[in-house]
Amino acid sequence: MKNTHYILATLFTFCFLICGGQPILNVTISSNFIFGGGQGSNFATLSLQPIAIIDAEPDPSNTINFGISSNTLEAGLPATGPGGILTNESIWLNFTYRAVNFTNAKIYVNTNQMVPAGMVLQIQVLSTANIGGVFTSNPVLSPITLSTNQQVLVNNFSSGYTGNGLGTGYQLKYTIENHSGQSLPLGFEIIYEIK
Amino acid sequence: MRKLCIITVSFLLSFSCSQAQILAGTLNVTGMPSFTQSVNAVVVEAGLDDTTVGFESNFDATKIGFVLNPILLLPSSLVCEQNVYRYSVFINSVNTPANVTLEAKTTVNSGLRFPTVSIYDTLLIQPLGPRNLTPTNGGNYTTVPNNATQAIKIMEFIGCRQDIPIQFRIKPSALCPAGNYNFEINYTVTASLTL
């Protein structure tokens, strides 16, 4: 009786090891299906949408504040600190892009309102990183002075995706020269667009 | 009771005799799956791949059936009643676009037994078990290989069966360009007399 149990257990283990994965069949060997089996097929159609989405992480809390710090206020110096220049490197651009007919895309940047006179706002791709994405990095490396006109921030790239969140995609550096301590107009936005 | 025993024994005897050769049958495949990605089925978080969303066909985008061929004056229904085999269904695709994953599934006991009622169902000992359908992977989606030679098993069933619905899911990467595609889905049925 015990022997029978051993044999059954061995057979079961053997079968488990052999049959553990999902069975695969070589469908070019006709003897696999010709005796009592058969083959058939149908055609399928597939239609895929183009995709062009971009966001500035952290999303939605991606507002940049160049506020004046009371710690750096010094009589005789610009209100925005020594040199009147402030920077921010906390924003990352993520995108997902699916091309139509392998058409490459670019990322453009502009502002929704005029930058006040006497103030200079620049943007620059500081670095590129890839966490879980598949994309070709092709940024414009020199600083871009922002205006309401669209300017290229990232040059030609093909279909891909950057991965989601901080630390992946394109890290941006914003620089603002604001010697006179002016404020940006209410509702001022920096706009990114893939096209 | 005695009559049922006689029927069982005679069926088992005829079953044993018929093991010499598995009878030929016909695989019937109907339906042309059409996969159209709607705007709502596209990834909405920039940076993520579109495979994270995916979209499904109707549950019965394709129907398959396997019925034994008539023999002289014997109709298929009678041949199927007297000859019960175990059928395994394998699936593969050809020319599915790169970076697109096709998945398929069916549900437990989907489709219709053929014939609906059989003397086999009344046997005390059913050599191959009841005339049921068992999907692979517990009825969850199985990835269809895009390979002209290798097919993967998606279900098995006992006895002839008709109108087995197959549902598909498409997971298209953003790396696959937008547009329209055509590809072929192949089905291969193998028959056996073993458990």
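Answer yes or no: is there a residue in segment B:14-23 that is facing another protein chain (nearest Cβ under 7 Å) and at pLDDT 60 or above. For segment B:14-23, residues facing another protein chain (nearest Cβ under 7 Å) and at pLDDT 60 or above: present.
Would it be correct to say that A:Ser147 is in contact (Cβ under 8 Å) with a residue 12 or more places away in the chain, in contact with a Ser or Thr (Cβ under 9 Å, 6 or more places away or on another chain), among the polar types (S, T, N, Q) and assigned to a loop (DSSP other than H, G, I, E, B)?
Values: in contact (Cβ under 8 Å) with a residue 12 or more places away in the chain: yes; in contact with a Ser or Thr (Cβ under 9 Å, 6 or more places away or on another chain): yes; among the polar types (S, T, N, Q): yes; assigned to a loop (DSSP other than H, G, I, E, B): yes.
Criteria met by A:Ser147.
One line per residue, one yes/no per condition, for (1) open to solvent by less than 50 Å² (accessible area, probe 1.4 Å); (2) out of contact with any strand residue (DSSP E or B) (no Cβ under 7 Å at 6 or more places or on another chain):
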position: A:Asn138; (1), (2): no, no
position: A:Gln150; (1), (2): no, no
position: A:Asn156; (1), (2): no, no
position: A:Gly167; (1), (2): yes, no
position: A:Ile176; (1), (2): yes, no
position: A:Ser180; (1), (2): no, yes
position: A:Ser183; (1), (2): no, yes
position: A:Ile191; (1), (2): no, no
position: A:Lys195; (1), (2): no, no
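Give the residues of segment B:28-64 that are under 16 Å from the mean Cα position of the chain (by Cα), surrounded by 21 or more Cβ atoms within 10 Å (Cβ to Cβ) and either part of a helix (DSSP H, G or I) or not hydrophobic (A, V, I, L, M, F, W, C) (or both), sorted by residue number. If the condition is that a residue be under 16 Å from the mean Cα position of the chain (by Cα), surrounded by 21 or more Cβ atoms within 10 Å (Cβ to Cβ) and either part of a helix (DSSP H, G or I) or not hydrophobic (A, V, I, L, M, F, W, C) (or both), then B:Pro33, B:Thr62 are the ones that fit. For segment B:80-195, the strands (runs of 3 or more DSSP E) that sit wholly inside it and include 1 or more residues that are among the charged types (D, E, K, R) are B:86-94, B:100-105, B:150-158, B:161-172, B:179-192.
The values are calculated or read from the model by the stated rules, or taken from the named source; none is laboratory data. Fair warning: this is a prediction, and the values are worked out from it, not measured in the lab. Because the Cβ atoms are built from the backbone with ideal geometry, glycine has one as well, and the counts that use them run over all protein chains shown. Remember, those area values only see protein heavy atoms, side chains included, never the ligands or the DNA or RNA. Shrake-Rupley method; radii C 1.70, N 1.55, O 1.52, S 1.80 Å.
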